[in-house]
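The values are calculated or read from the model by the stated rules, or taken from the named source; none is laboratory data. All values reported here derive from a predicted model rather than from experimental measurement. Cβ sites come from the backbone with ideal geometry, for glycine too, and all protein chains shown count toward neighbours.
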């Protein structure tokens, strides 16, 4: 048997290619949208991708199943569990609990594992030439290393009321099935540390059923009500783009056929774009952006969080231009495509040329801990981290508005005030500050070093004050 895990750090997303070396057939489980990786692996290993499967309708990335089927002619195998509301709406081979997929001498048995979503399934693998006993389970967003899938996304991100508690109850009962599996079974989930599909995912890529029964918090709670309460507590805010991903993955994403290389724009073309309704995304580091950037541009740094923050902050309907290093453009385009943003029109890599051509660069004010603490009454302080982080510790007097929810809370921000934004170290607050600058706010300051620098300087912090909190998008 051939086996390879493919991991995309930006979305903390794992997919798998498994092949029968006797028949040269292969299956890909939970493929990402940029499918070149799988095609290259198959060619290298002399395999034919004949099967494609998904564990559930994903919310955090755009599936590559249709793209891969278009390129290879492979059949797509998807869940038909969960009821009519949770069915895929494009052609596929439907799967129910107990069904079996054969890939040469490899057997995958379907186990319905609802909780994260109603239709969720897992795949139990047996390598028949080696043993009649199973060796692996691909758990999708059911069981992670050290955690389990959150059941609240359908309600919080998609707005389907009543699904959160129902999903938590389903998860409780699905875990009973999991605990009955053989302890030696290897656990291969679809996400790792950093994913918003859970709250405490481990960084280790895989585990075993036996180890998860010993170490995973969710396996240790036998009371259903206590389990539901604990599972729902402390879940991170779901990015706004999750709702769109869920719908696109249900009806079937657009097939690209190939991934185009974005055009490098001349200064003249860039200036033309500035007069149109383009989104300018500056991917440089936050200090370079603060020192001088094109007015109206949004600072989403080129790092592992780029995909997530692009999904939070960008309008899917408007064209995009990147300011980025030339060698990183294709990777950034791939990161956008993985979350369904297909409208990257071009890029520029030399901001100095833009300035020389006559474009004025704007400054993002930085404020040090010493400057803030000596004159703190003069500023309105906004903590742009998650509400969980805010609850644990925040700068005294700060209010909490998550970066991704600024758009819905602008009534709480006056341009007449001096606004200090902070996060843990300054990355998220740089996004937030650039967003407010784009809207025309001018008295905006980013706290250098964030709350980490504040604490290291021995300055005062406090815990949650309910009256100060702005926790939800609706507020």
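When the range 218-238 is examined, which residues are found to be modelled with pLDDT of 95 or more and loosely packed, with under 15 Cβ neighbours inside 10 Å? Correct list: 220, 222, 223, 224, 225, 226, 229. Note on the range 14-36: residues that are touching a strand residue (DSSP E or B) at 6+ places or on another chain (Cβ under 7 Å), surrounded by fewer than 21 Cβ atoms within 10 Å (Cβ to Cβ) and under 23 Å from residue 137 (Cβ atoms) total 2. Among the conditions (1) surrounded by fewer than 20 Cβ atoms within 10 Å (Cβ to Cβ); (2) farther than 19 Å from residue 109 by Cβ, residue 11 misses just one, which is (1). Can we say residue 277 is exposed (fewer than 14 other Cβ atoms within 10 Å of the Cβ) and either in contact (Cβ under 8 Å) with a residue 12 or more places away in the chain or under 26 Å from the mean Cα position of the chain (by Cα) (or both)? Judged against the criteria, residue 277 is a match. Taking (1) loosely packed, with under 14 Cβ neighbours inside 10 Å; (2) within 20 Å of the chain's Cα centre (by Cα); (3) closer than 22 Å to residue 402 by Cα in turn, residue 311 satisfies each apart from (1). Per this entry, residue 428 is not counted among residues that are under 18 Å from residue 310 (Cα atoms) and not in a helix (DSSP H, G or I). Of 199, 176, all but one fail to be assigned by TED's automatic domain parsing to the domain that holds residue 237, on the phi < 0 side of the Ramachandran plot and either surrounded by fewer than 16 Cβ atoms within 10 Å (Cβ to Cβ) or at pLDDT 95 or above (or both); the exception is 176.
Does the range 363-371 contain at least one residue that is closer than 22 Å to residue 314 by Cα and surrounded by 15 or more Cβ atoms within 10 Å (Cβ to Cβ)?
Yes: the range 363-371 contains one or more residues that are closer than 22 Å to residue 314 by Cα and surrounded by 15 or more Cβ atoms within 10 Å (Cβ to Cβ).
Of these, 415, 391, which one is touching a residue at least 24 places away in the same chain (Cβ under 8 Å), assigned to a loop (DSSP other than H, G, I, E, B) and either farther than 22 Å from residue 458 by Cβ or in the same structural domain as residue 450 (by TED's automatic domain parsing) (or both)?
Values: 391 fails: assigned to a loop (DSSP other than H, G, I, E, B).
Step by step, each of 415, 391 is checked, and only 415 is touching a residue at least 24 places away in the same chain (Cβ under 8 Å), assigned to a loop (DSSP other than H, G, I, E, B) and either farther than 22 Å from residue 458 by Cβ or in the same structural domain as residue 450 (by TED's automatic domain parsing) (or both).
Going by the structure shown, is residue 385 within 30 Å of residue 268 (Cα to Cα) and either modelled with pLDDT under 95 or buried (at least 16 other Cβ atoms within 10 Å of the Cβ) (or both)? No: the conditions fail for residue 385. Looking only at residues of the range 87-124 that are at positive phi and in contact (Cβ under 8 Å) with a residue 40 or more places away in the chain, we find that the one that is surrounded by the fewest Cβ atoms within 10 Å (Cβ to Cβ) is 104.
Return the residues of the range 240-279 that are in contact with a helix residue (DSSP H, G or I) (Cβ under 8 Å, 6 or more places away or on another chain), over 26 Å from residue 69 (Cβ atoms) and part of a helix (DSSP H, G or I); say none if nothing qualifies. Hits for the range 240-279 are 267, 270.
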